[in-house]
Amino acid sequence: MITTECLNQDSMVADVGCNAGVGGSLWCQAAEQKYGKFERETSKTSFTFGAGAPVFTDEVVIVPIVLGTCQARIKMHIIPGPLPPLVSRPTMK
């Protein structure tokens with residue numbers, strides 16, 4: 001499962017079709033067990049994957065990351081289920 005692989009490799013998935021960072025609640029729980037609790041914010045938004053129905057979220061976590069020698073913090077909306085962490089196009093810019 002890619003969610004588990006992301007945790008094992010300390011990685012995220014770059015998704016150019018994604019307008020905001022998003023990850024599943026199962027990934028978030030496992031990541032917090034591995035790295036410690038993330039800072040949280042509230043934010044009501046929805047995501048649509050392919051032709052599926054909208055999936056709603058009201059929680060955002062702030063994830064500290066390291067890219068090479070750069071340290072940053074990115075916002076990830078949390079949706080129910082096993083979605084791996086998807087890094088959005090705006091975050092990649």
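The values are calculated or read from the model by the stated rules, or taken from the named source; none is laboratory data. Since we're looking at a predicted model, the values are computed, not measured. Cβ placement follows ideal geometry from the backbone for every residue including glycine, while neighbour counts extend to all protein chains displayed. These area figures cover heavy atoms from the full protein model, side chains too; ligands, DNA and RNA do not enter into them. Shrake-Rupley method; radii C 1.70, N 1.55, O 1.52, S 1.80 Å.
On the stretch given as the stretch 36-51, residues that are outside any loop (DSSP other than H, G, I, E, B) and free of Cβ contacts under 8 Å to residues at least 12 places away in the same chain total 1. If you go through the stretch 60-80 one residue at a time, do you hit one that is open to solvent by 30 Å² or more (accessible area, probe 1.4 Å), in a loop (DSSP other than H, G, I, E, B) and within 22 Å of K93 (Cβ to Cβ)? Scanning the stretch 60-80, I find at least one residue that is open to solvent by 30 Å² or more (accessible area, probe 1.4 Å), in a loop (DSSP other than H, G, I, E, B) and within 22 Å of K93 (Cβ to Cβ), so the answer is yes.
Here the stretch 1-32 is the region considered, the condition is being modelled with pLDDT under 90 and assigned to a helix (DSSP H, G or I), and the residue that is surrounded by the fewest Cβ atoms within 10 Å (Cβ to Cβ) is N8.
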